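The values are calculated or read from the model by the stated rules, or taken from the named source; none is laboratory data. Bear in mind the structure is a predicted one, so any value in this text is a computation, not a measurement. Ideal geometry is used to build each Cβ from the backbone, glycine not excepted, and the neighbour counts take in all protein chains shown. Quick note on the areas: whole protein, heavy atoms, side chains included, nothing else; ligands and nucleic acids left out. Shrake-Rupley method; radii C 1.70, N 1.55, O 1.52, S 1.80 Å.
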Amino acid sequence: MKIREDAIKSVGLTLLYEPDWPTDPAVDIVLVHGIGGHPVRSWKCEIPDQTPTAPKRAGTVPYPGIKRRLTKLQPTSPLRRSNSEPLLAKEQRSLSRSRTLRWKDSAKSSSRLNFNGSTESIKQSSQGRSESLLRKASAKSSPTPKLDDFSDPVGQCSGPDVDAYWPLEFLPASCPNARVFTWGYHTLVADKKPLRLQGDIFAHAGELLVELAGTRAALGGGARPIIFVAHSTGGVLVKELLRLSEAERDGPLKGILMSTSAVVFLGGPHRDTEHCNLGDAISSMASVTLSVDPNEPVLQELCGANSAGAELGRQTFVRFWNDYNFKVKTFQESVIPSYQYPELRAETTIRRLASFIGDPREKAETICALHDDICKFSSAEDSGYHALAKTLAGFITGEEDKGLMVKPSPSSHITECLSALIQPQLALPETHPATSYPGTCLWLYDLHDFQAWHHRTGGQKHKILWIRGESGCDRQWGPAGASFIWATAEADDGTRLCLPGQQGTSPADARLRTALLALYNQPRSDPRTFDDAQVVSLFADYYVNQKIETPARRTFIFVEIADDACPAYVHELLGRLSHLAHNSDFNICVASGYNPEIIEEENVISIPMHLRNSDDVLRYVNLNLVAEWEERNRAVMQIGKKSGGVFLWAEIVVNILNAAIIEGATQEMIEYTLEEVPGDLHGLYEWMLSTLNDRERAESLLLFQWVILAAEPMRLNDLFLAVRLTEPNPFAVYKQLGPLMALDIGTPFSMRELRQLRNSEISSDTPYQFHCWLRARSIGLLELKSDNRQATVNEPLGLQRVQPIHSSVRSFFLSGRGFACLAAGNPSIPPSLPLTAFLDITHYALLRACLTYLNMRDFESLGHGASRRRKPSSSSSTSHNNNTRRNHNHDLKLETTTTIPLLHWHPPPTVSSQRHLIMSSYPFLQYAVTHLVHHLLAPQPFRYSPPQHALLRALSANRFRLWKRWTSLLGTYDPDVILAQHAAPGTRVAAFLSPVYGARYRLERVLRKLGRLAATKPEKPDVLRAENEVAARLRDNGTWAAVRGRRKGQNTDKYRINVINEKLCDDIVEYIKPTLKRHEGCDLIDIFPGAGIWSRKLNDVLKPRSHLLMEPDEVFYRPFLEPLLERPGTKLLPESGIVWEQLNTILNPASLPHQTERRYAADETPQRNDTLLVTMNLSMYPKRKFRTFDSLAQLVLFQVISGIRPGALFQKYGLVRMLIWTEDQEKGSVVPRTVQRRRKMAIESELSTDYVCEIAGGEAEDLLSGRPVHWYRRDEALDFESTQKTLDRMKENGFVIPPGREPLHVEEFLEFAKLGNDPTVGNKMSIERPFMVEMANLETAFANGEFEKGSKPHMRMKVLGYLATYTARRFTALTELVKERDAAVQAYLDAGTDKVQLRKATKLCQAWSDKVNGLEKTIRAEVLLACDNLQVLRQDPPVLNWDRRYAEPLRTRPNDFFPQVPCTLLDIQPKAVAPVLRDMGPNSTRGGDMFDLILRGLVQRSLDPVSKSLNTIYAGAGEGVMPHCPSLGDPRRGGSPMKGMGELSTRTLSEKQLIEITEGWLKWPFKPEYSELVSRTVDDIADDDDEGTAKHNPFD
């Protein structure tokens, strides 16, 4: 397909010719004219309109500028003769030998040019020939034309009969399988001068790059080879285009350079000459094509003559030619010696000389034409066109031959190997590691053998370069001016330790895959397989026995062999690689260990680096050692001698000595240190680690376990959390639980609690601090490396990866020597522990850390949406699944029956992006999700037989919490897809899932079981089931059905839970009737009365004088409230009682005429107001979130309680009692039952109320979802003691629980008391564990003969029995410790003022504290927790509102409400708060304001001693405030006389102690101002999980 000539665009890219279908073009030919040219006229030979005449006056120069320029030159300046040699001066050609080796034995010749037409030969060198430049040029030309023939020189259009546009008329016939483009651009000229402010040639290059890439992409064949044909300064444009293409990272613009097959230059400028520089040559050519004065400044700007870009383009083009190995062809214009004008002839000669590149590969030819006509041909028989067409045809044929290469059909094994090459990988280390010691190894470039190998000259060009030496001797080297690939190869020597799953080699190393892909994409024989372990077969089968064609780009192949590879492997690999070097044009360099036993082959150039490094090491030491004493050289020589040529050893030792010298070490100390330091690297590492103390070694061991055994280099943020999550002493836990310790993750905790629970000694709050800690604990053996190879300094510190400083550090630890050094002195690690067992236990701990993190409470929202995305299965499948789910809690057996096929689901893009956003928001989360299976199968026992039942129980616990979170973040829940992801070639887990081990089949069974059970919808109770007429009316309206995805009713509040059981209301009113008598005839404010049953019952008992019903859904609820509205004093207000603006509209005399606002001064005591009662219904399902609060009910509870102290809202009328209904899970933040959940809201309620009593509430077994309020448990004896005291108070005050409403804890207590047991804290502490129920069931079944000894249930029963025995022993020890503490405190009380006895008591207290401090961390935490729970219960009154309750809560059930969600009734009675806490505002002491900030700081450190917590609020506060708080150390007043572990913790502070701390703070003379304290206090918006949950990054 051709286009018409008149359809060619003058600006832009035009497709001239394209082969007709079905011929597929082999190449794209792109024609680029010079500046001032035209896409048609530049290439078209036209009929001359008139014949140019000679100048009128002899001696007149057409362009005056030529003469002025030439007069500056010496008339006899020498020029290089040969067009195949570099024409630069010798000093210009000598580059730094660190980058490019010197040209040696190159041909040298010169000649002198006489502008009068004669040539004076100069004596040539021994390798050159005497031949003048003009003589050589004339030999290829026709007879020289005379001046009269100037208008028609030979080789130009000699009066053609018709115009000839060869790209459209001749080229399609010469190259029928090429697609031809021409590109044009404008250069505007006015009055023979180019205009300013127009794009220069470099701007046009960018335009061509974009347009060419876009056009090729639109037309198809984006990877098709490109041949550029550039005329004149179009060559500068093409060079700039290629440079811009290389600057792109990827995409179609980058593809232009990668697709460039050849570049043809028709008189293009390439270099300086001895008569002019490159810029002058460019100006001269541009002046011809644009017909302007070459000295015109604007012309020089437009063509880039004076720009550094021209020189940059020249240099980069030479580099591209070497790197990408495309073809280059140059054509020069002819020199006409018979010109009358010597200046014109010299100008032509200079352009000709500048158009040589000076490389033999260009094979320069001459076209007998002047510069402007060198690209115009009159016919296809023209000699110039014939030469050009022949060149283009040869290039095209070469590309066609490459495309027609027949590749053998791959076998299944080959296909599997090739598929392994394309797996996406983690960010890799730099392709070419930078040399660590600049200025060294320069001797390498002076070696003749190396130069011959590098330039592929002489007999050495087909040899391989073997750089060998000891580890750390700096074997890295990189070529200058060429691309290269880097591969690794490893082999097992039978003695070295392999990581679990790495049988001798690292499976499918990522750098190796990168290398193979680069090889595979080259147009040569197909490299079918290249596995680390099978590297020999690769070269033997596909490279050794056949000749390899020249690659598309010159490539250096570097093969780095592991230092611990066996000699036989190295020897055979060298042999195969030497064959590859002989049969190809690759430069192959091998780096390996020294291996002196290997006999060097003939085709190998061996360079032992460590034997040649001596001078370089001495030079490095001499430059870097900071010693200044006279005998310094002796130390330098000693270091150089002891290093043995190992640079890394010398660098580390010099750094150690420099640090010592800076701190004042003497010469004798330095010399002694040098004598003491081992001379080998591993010995040096061991010597460095031996300087750590026991605690530092334990922390260092934990650090190196993660760094060395992690599945990938970890980011600094990830490593920080990983260290925090890991058990500090996993070997002690392993002794107790065995391999199943990996799946024993315990109860979940939050990010906030992580700092206090795990490895709190590592106190780093920022990446910088943790990096400093990491450097100290690793003794400098670890460093940070960036994924971004371009700008490490710009990447955040926390995102950089932690890696050993050298591979020898990793081998040092994997050999066992490093871990043994750090484990020395650890009593939990036996000295005889095998290394494989050590690594297995470490992986158990790492797996446990990953599971613990996924189990954290911060990820509660993950995984809940999975069920909504699944399509429903068939009815039979659903029935089967439901039956399986019902039996799940009783039997988790793995079945071998046919499984239900699961749907292959993949998340949509939005879900996928959200998943990646979540994983990037939490440090360590992506690692834990991605490499969970790796750490599961890395231990050798799990690799052969993973614990199926234990794994199934762990992942399915708590409604498949871990399974749902893990699969949600993986992006799929399909077991087949999960296994396929992990078993993909190239992944670390692929080797573990190979048939060699039995893990894949067993793991597949577990995953299928989990997928089937999790896909089954759990049987949820129907919360919209109607139990009575009121519930039916509410249900039929349809409002709550909107929650179930159905229609929506008239009611706007679809979250409301209504009390519908009149019997419940009657029981409650009768139960607390003695406390309601004081409110008879009061004003009753009723917020959200709803269906009105509770409101009506209250009205019946109280007979209020006014009953204000605040119901925003007035229209909907009015029919339910009509019977109540008929009573006198009752009024329905369509306002929301929890919107304070609307609430304040009724808190006025108009609505409450009987109430009077009461304002109290700081010294006055607020009084109780029984004439006003408030009741409200805050029960909502599901929870309505509001900002950082989990629910709106939490916010309202917080506000009504915090409003008591300042007298806000209802409390402005006095201390007003409140009866509040709330969803059962909301009560934990106000009435916690354990000290762990005592947070800010609970403390505020204890300070501001006489009591917050739970009048009625649900039980944990009735909860629909979420964490039950009894998530934290305390010792049963404490609960029994609290229940006993409450029942005694109830009996004294006449409270009787209605039949059927007894709570479970009361029933358990009564059953316990019937057996004659003492309900108070006795001699043994115990907590009911879930496994005890399972053990009891198994024991009953075994007694009934349901299973035999040796069966799996029997083995399970034995394991649980062992666990129960261990638990009993543990609590026995716990009880003894609590008793010892009580005895020490009692000794202090008995001592009184006796100083001798006080000293003895103090010693007892200190001994107890030391004993607890020496316990294992988890046991220590349990001891302190037991003491704290006992502390808050034994105070008078008890600290917790739960322990101060005046009555036990009546049990509510779901069917008492609609929707059927259990709710709680809270009775809140405010009290007069201490004056110091009510003193708030600007015109006061700000005691209350200070208390708020102090309390906020204390609850953030609830586990710390009081003094330490005060110091975190403000420096020195502990020492300044504590002397004013005597009750903190007085056990009679709830304090503790102990220090250290026995000191009173923040979470046990009573009301009186908090008030005392506030008063002491105000008395402290150095206390900060309120404004300063506000600025130093961190807002505590997430004090408790129920008050609000916020994401927490430890480095934020």
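At-a-glance table
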| quantity | calculated |
| --- | --- |
| For region 607-708, diffusion coefficient by Stokes-Einstein and Kirkwood Rh (Cα), 25 °C, 0.890 mPa s, µm²/s | 166 µm²/s |
| Probe 1.4 Å, all protein chains present, accessible-area order of HIS949, HIS38, HIS582, largest first | HIS582, HIS949, HIS38 |
| Residue-level accessible surface for ASP1390, protein heavy atoms, 1.4 Å, Å² | 110 Å² |
| Too-long pairs where the Cα-Cα distance tops 19 Å, listed order kept, from LYS239/LYS329; LYS2/LYS44; LYS1411/LYS1539; LYS363/LYS390; LYS329/LYS463 | LYS329/LYS463 |
| Where THR1365, THR726 fall by accessible area, highest first, once all protein chains stay in place (1.4 Å) | THR1365, THR726 |
| Largest to smallest accessible area among SER811, SER1191 [probe 1.4 Å] | SER811, SER1191 |
| Two-site label geometry, ASP163 and GLN1142: point separation in nm, points 7 Å out along Cα→Cβ | 8.5 nm |
| Region 1051-1094 shape via C-alpha gyration tensor axes, a/c threshold 1.5 | oblate |
| Normalised contact order of region 1084-1124, rounded percent, pairs of Cα under 8 Å and 6 or more residues apart | 55 percent |
| Of LYS1227/LYS1417; LYS254/LYS327; LYS964/LYS1227, pairs whose Cα-Cα distance is over 21 Å | LYS1227/LYS1417; LYS964/LYS1227 |
| Per-pair calculated FRET efficiency, R0 = 35 Å: VAL1101 and ASP1036 via Cβ, rounded to 0.05 | 0.70 |
| Heavy atoms of LYS254 accessible to a 1.4 Å probe, total area in Å² rounded to 10 | 40 Å² |
| Within region 1360-1401, backbone nitrogen closer than 17 Å to the virtual label 7 Å beyond the Cα of ASN1413 toward Cβ | 1381 |
| FRET efficiency, 1/(1 + (r/R0)^6) with R0 30 Å, evaluated for ALA387 and VAL189 via beta carbons | 0.40 |
| About the Cα centre, charge dipole magnitude for region 694-759 (Lys/Arg +1, Asp/Glu -1 at Cβ), debye | 140 debye |
| Highest-first arrangement of 731-739, 924-932, 199-207, where packing means the average Cβ count within 10 Å | 924-932, 199-207, 731-739 |
| Distance between region 176-235 and region 251-318 - C-alpha centres, whole angstrom | 14 Å |
| Accessible-area value, ILE1255, 1.4 Å probe, nucleic acids and ligands omitted, Å² | 0 Å² |
| Cα-projected label distance for ASP401 with SER815, points at 7 Å along beta-carbon direction, nm | 5.2 nm |
| Linear extension gain, ARG1118 paired with ALA173, 0.36 nm per residue minus alpha-carbon span | 330.8 nm |
| Part-to-part distance (alpha-carbon centres) for region 1283-1314 and region 929-969, which is given in Å | 44 Å |
| Peptides 19-32, 629-642 ordered by average Cβ neighbours within 10 Å, highest first | 19-32, 629-642 |
| Point-to-point label distance, THR1512-ALA983, nm (Cα→Cβ direction, 7 Å offset) | 4.9 nm |
